[in-house]
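Values in this text are rule-based calculations from the coordinates and carry no lab data. If you're wondering where the values come from, they're calculated on a predicted model, not measured in any experiment. Methodologically, a virtual Cβ is constructed for each residue, glycine included, from the backbone with ideal geometry; neighbour enumeration extends over all protein chains shown.
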Amino acid sequence: MRKSQVTTLAVAVAVTAATTAAALANAQPTLRFVGLRPVAARGTNFLPTELVRVTLRAGALKRVRAVTSSASGTFTVSFGGVREKDRCGVAMSLVAAGAAGDHAVYRLPPRECPVAAND
């Protein structure tokens, strides 16, 4: 390979790396439910190895977990089972707050409740 081709290739790689790094730096943290039985959540785009406090709310139920994000800024956290009465007719929400101030919120709409049959 000629010197000019190597230089062009090196510049292209450097520009791509810089663009990717800038995009990652500007990415907003996200949070999603990944399971409801048991309740589990996944966060992305947090700072690498950041301590993150994740709060689950469903009606009067409140559970808090602390987790450290991975080197790529992701984490998965489990809250265990949630009783039907705690999920029935109320919205479920997740809030993740990183130690550096970044945060993400995710809400599920209220769940329909079965109507009790009259005998």
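The phi torsions of the range 100-109, fed into the Karplus equation with coefficients 6.51, -1.76 and 1.60 and a -60° offset, translate into couplings of 8, x, 6, 7, 8, 9, 9, 10, 9, x Hz, rounded to whole numbers, with Gly and Pro shown as x. Placing a pseudo-label 7 Å from each Cα along the Cα-to-Cβ vector at residue 93 and residue 55 gives an inter-label distance of 0.9 nm. Listing 31, 51 from fewest to most neighbouring C-beta atoms within 10 Å gives 51, 31.
With r as the distance between the Cβ atoms of residue 30 and residue 108 and R0 = 25 Å, compute the FRET efficiency 1/(1 + (r/R0)^6) and round to 0.05.
Numbers: r = 15 Å, r/R0 = 0.60.
Efficiency for this residue pair is about 0.95.
Both the radius of gyration and Dmax for the range 28-108 are 12.2, 38 Å, in that order, over alpha-carbon atoms. Between the amide H of residue 111 and those of 89, 90, distances stay under 5 Å, these residues lying 5 or more places away or on another chain, with hydrogens modeled in the peptide plane. What the phi angles of the range 78-88 give under the Karplus curve with 6.51, -1.76 and 1.60, with θ = phi - 60°, is a coupling list of 10, 10, x, x, 10, 5, 4, 5, 7, 9, 6 Hz, glycine and proline written as x. For the range 53-63, backbone phi angles converted through the Karplus equation (6.51, -1.76, 1.60; θ = phi - 60°) give residue-by-residue couplings of 9, 10, 10, 9, 10, 8, x, 7, 6, 9, 10 Hz, Gly and Pro being listed as x.
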